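Below: one structure, written as structure tokens.
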């Protein structure tokens, strides 16, 4: 049911001036008496002289123009079309999340032998023991290089990742910054003429290189001259690599065997 004010608003919107309901409407204002009187049709008049008789149109009562109560007025409410989307939404590209890179895992030990520092990958992740095959191979390499075969341990082993849990960034870039910062701080305490990087993790995170750089001398900002070498475990598994180590060593030996020690 419509209240009188809303009903009149609908009629005004439809440009209906006069109307009369067929039945009594609830909550409606009383009808005006003059609207209930039937209108008499106009009679045709006779034209005088040469004028022809023109029929006069009969005006229909305004009652017939009234909307029936049973007929409800449908008001169309404009709704946004699903196709009318902003251009920005149509051109939006779904955001692809970068793949999560797991943190690298390695253990490195820094040693000092004469005028050289050695950053060595720990094959088992634990400190070297005097009878470990890897440690015995390292002693042989130092003797061949003319350096003390009993290197001094410098600091605790560098193990990565640092934390098992937490939100700290422990990706490759963070590992590189940490390793380089650790070695750089030890070089400030006591410089060296050459830094040996033994093992792929040492070459990658201190020398910013990969296996293709093995047996070569590199220049690393903040660390100076470094020498990239395969890991001790790999040298034991593939003894033919020792010849390449020896040839490269002969070219660099003059660095740490100079007479100005």
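Read the figures in this text as sums done on the coordinates, not as results from a lab. Not measured: the values here are computed from a predicted model. Backbone-built Cβ (ideal geometry, glycine too); neighbour counts: all protein chains shown.
Here are the numbers for the structure shown:
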read-out: Average Cα contact separation per residue, segment 212-256, under 8 Å, 6 or more apart, as relative contact order %; value: 30
read-out: Sequence-separation-based contact order of segment 106-256, relative, with Cα cut under 8 Å and 6+ spacing, percent; value: 26
read-out: Length-normalised contact order for segment 113-202 - Cα pairs under 8 Å, 6+ apart - percent; value: 55
read-out: Three-way shape call for segment 168-245 based on the alpha-carbon gyration tensor, with the a/c threshold at 1.5; value: oblate
read-out: Theoretical gain in end-to-end length, residue 23 to residue 225 [0.36 nm per residue, Cα-Cα removed]; value: 62.1 nm
read-out: Highest to lowest packing among 202-212, 178-188, scored as the average C-beta count within 10 Å; value: 202-212, 178-188
read-out: Burial order of peptide ranges 243-251, 117-125 (average beta-carbon count within 10 Å, highest first); value: 117-125, 243-251
read-out: Net lengthening on full extension, residue 140/residue 211 (0.36 nm per residue, minus Cα-Cα); value: 23.3 nm
